[in-house]
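The values are calculated or read from the model by the stated rules, or taken from the named source; none is laboratory data. Note that the structure is a prediction, hence the values are computed from the model and not measured. Ideal geometry is used to build each Cβ from the backbone, glycine not excepted, and the neighbour counts take in all protein chains shown. Heads up: the accessible areas ignore ligands, DNA and RNA and are worked out on the full protein's heavy atoms, side chains in. Shrake-Rupley method; radii C 1.70, N 1.55, O 1.52, S 1.80 Å.
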Amino acid sequence: MYTDVIKASELIKADPLFGQTSFDNHEQVVFCHDKDTGLKAIIGIHNTVLGPALGGTRMWNYTNEWEALNDVLRLSRGMTYKSAISGLNLGGGKAVIIGDAKADKTPAMMKRFGEFIHSLSGKYITAEDVGTTTPDMDIIRDVTPYVTGISESRGGSGNPSPVTAYGVYMGMKAAAMHRFGTDSLAGKSVLVQGTGHVGETLISYLTKEDAKVYVTDINEERMQLMVTTYGAIPFTGDDIYSADVDIYAPCALGATINDDTIQKLKVKVIAGAANNQLANEATHGRILMERGIHYAPDFLINAGGIINVYSEIAGYDKAEALKKTENIYNTTLEIFNLAELNNITTQQAAMSIAQKRIDERKKETAK
Ligand code: NAD
């Protein structure tokens, strides 16, 4: 069964690829190596039924290759469902480069990596992710067209974070509608964890709507900036997971809903940007449901970024990207209703809609 968190000790026992815990019928996995530039990368193509596999390149100092492999398998699978639920004609893919982005990355390495992407003839399209930047995408663009998230001056779609934040805001409003019977967030208390690119824009929407916004960040300066710029309130309690607020918006890191935190939660709604918020999709999704906490699936409501980069391929403009992102509101409502009707978790409901779309397309193309 697929799980999100894999203990290092469990990785090496399994068969090298098809036996890995994160392997989930991936179509293709490509290992790339270049001695001269020190490039060691893995491209994971999970599913291309709906279109080319699009997903960012993460550069990370993985402890070992098993960890890198499992990350690319897990992340590429996630992209399949994110694009499918968002109605995009894209499959799911992701790439990882093994190394320290600050110390090891060079333009020559990125160029070589771009050549590997090009050799896949468009089956995989990259974008930026943790450890890679817009200038890196520009270098890749010099050797292949199969890249998104390039500079606006070169025809790119620009920073995706504000669009992501807009989608999260829409998902949060839909969750509020389902839970409170109104999508107005005025007067609702919202705890935003992480005040970075997405968190900041989300905070601006929330404060504009007169929500009571509490903020927390390990970066004290960022937190203060939110206080002075938007009138947010710094969270001062001992434990953010037992905060007495209406809505929790994880916008920093994944797996914050886990065995240690889940029973402490007092919130009524969870809606945030972080990827893989549930440490275990099945177990923690069900506990949230049993506890009456309304969880807006992360891969649905944080899809604004991919909708934005998709505009580079589909050839639509920013206004259209925002309109598509706004539709996250309707999809979130649909998922809450489906989950309630079938007594399943919202995660399961979202996955089933995404899977249905993939299955239907597969049937159509087989005709
Ligand atoms: P970011 O790096 O700009 O901001 C993250 C913020 O979280 C930083 O201010 C950091 O100091 C803070 N932080 C880190 N650890 C923390 C902790 N333990 N407690 C509190 N704060 C902590 O990242 P971002 O682009 O704003 O993305 C936020 C999240 O949303 C990430 O998980 C990212 O993977 C996800 N996401 C982002 C996008 C996008 O378009 N940027 C799209 C989809 C998903």
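Can you work out the PRE-style zone for ALA108? Point 7 Å along Cα to Cβ, and I want the residues of the stretch 26-51 with backbone N under 18 Å.
33-41
Quick one: net charge around ARG291, please, counting Lys, Arg +1 and Asp, Glu -1 for every other residue with C-beta under 11 Å from its C-beta.
Here the count lands on +3.
Residues with amide H under 5 Å of TYR214's amide H, sequence separation 5 or more or different chain, H placed in the peptide plane at 1.01 Å from N; which?
VAL190, LEU191, VAL192, ILE233
Springs between alpha-carbon atoms under 10 Å, Gaussian network over the chain: tell me which of ALA314, ALA68, ALA350 tops the mean-square fluctuations.
Looking only at ALA314, ALA68, ALA350, the biggest GNM fluctuation is shown by ALA314.
Can you send over the carbon and sulfur percentage of the accessible area for the chain, probe radius 1.4 Å, protein chains only?
C and S fraction of accessible area: 50 percent.
Taking only Cα atoms, what is the 0 to 90° angle, nearest 10, from helix 197-208's long axis to the longest principal axis of the chain?
Relative to the chain, helix 197-208 is tipped by roughly 30 degrees.
Starting from the amide H of HIS294, placed 1.01 Å from N in the peptide plane, find each other amide H under 5 Å away whose residue is 5 or more places distant or on another chain.
For HIS294, whose amide H was placed from the backbone, the distant partners under 5 Å are VAL269, ILE270.
Find the accessible area per residue for the stretch 1-142; the probe is 1.4 Å, ligands and nucleic acids are left out, and the unit is Å².
Values: 6030 Å² over 142 residues.
Computed with neighbouring chains in place, this is 42 Å² per residue.
Report, by chain and number, residues whose modeled amide H sits under 5 Å from the one on SER157, excluding near sequence neighbours (fewer than 5 apart, same chain).
GLY149, ILE150
So what is the diffusion coefficient of the chain in µm² per second by Stokes-Einstein at 4 °C and 1.567 mPa s, using a Kirkwood Rh over Cα pairs?
62
Under the Karplus relation 6.51 cos²θ - 1.76 cosθ + 1.60, θ = phi - 60°, what is the ordered set of whole-Hz ³J(HN,Hα) values for the stretch 241-257, x standing for Gly and Pro?
For the stretch 241-257, the Karplus curve yields 6, 10, 4, 8, 10, 6, 10, 10, 10, x, 10, 10, 9, x, 6, 7, 9 Hz.
Quick one: Kirkwood hydrodynamic radius for the stretch 1-141, alpha-carbon pairs, angstrom, one decimal? List each step's numbers first, then the result.
Numbers: mean 1/r = 0.0665 Å⁻¹.
Taking the inverse mean of 1/r over all distinct Cα pairs, the stretch 1-141 comes out at 15.0 Å.
Enter the angle in degrees (range 0 to 90, nearest 10) between the Cα long axis of helix 328-342 and the first principal axis of the Cα atoms of the chain, meaning the one along which they spread out most.
80
Taking the chain as a Gaussian network, Cα atoms linked when under 10 Å apart, which of GLY91, GLY315, GLY272 shows the biggest mean-square fluctuation?
GLY315
So, for the stretch 169-274, what is the accessible surface per residue at a probe of 1.4 Å, expressed in square angstrom?
Details: 4520 Å² over 106 residues.
It amounts to 43 Å² per residue over the stretch 169-274.
Any chance you could give the angle, 0 to 90 degrees and rounded to 10, that helix 220-230 forms with the longest Cα principal axis of the chain?
60
Say the cut-off is 22 Å between C-alpha atoms; which of LYS123/LYS362; LYS324/LYS367; LYS324/LYS362; LYS212/LYS266; LYS82/LYS173 go over it? It would help to have the intermediate numbers written out before the result.
Numbers: LYS123/LYS362 17 Å; LYS324/LYS367 29 Å; LYS324/LYS362 24 Å; LYS212/LYS266 16 Å; LYS82/LYS173 19 Å.
With Cα atoms farther than 22 Å apart: LYS324/LYS367; LYS324/LYS362.
Can you check what the net charge comes to around ARG58, using other residues whose Cβ is under 10 Å from the Cβ of ARG58 (Lys, Arg +1; Asp, Glu -1)?
So the environment of ARG58 carries a net charge of -2.
With runs of 4+ DSSP H residues as the only contributors, calculate the mean residue ellipticity of the chain at 222 nm using -39,500 (n - 2.57) per run, divided by the residue total and rounded to the nearest 500. Provide the component values of the computation, followed by the final result.
Numbers: 13 runs with 158 residues, N = 367.
Dividing the helical sum by the residues of the chain leaves -13500 deg cm²/dmol.
Using 16 Å as the cut-off for backbone N distance, which residues of the stretch 33-66 belong to the label zone defined by a point 7 Å from the Cα of ALA14 along Cα→Cβ?
Backbone N within reach: 44-46, 64-66.
Need one number: nm distance between label points at GLU220 and GLU360, each 7 Å from Cα along Cα→Cβ, rounded to one decimal.
Between GLU220 and GLU360, the simple spin-label model gives 5.4 nm.
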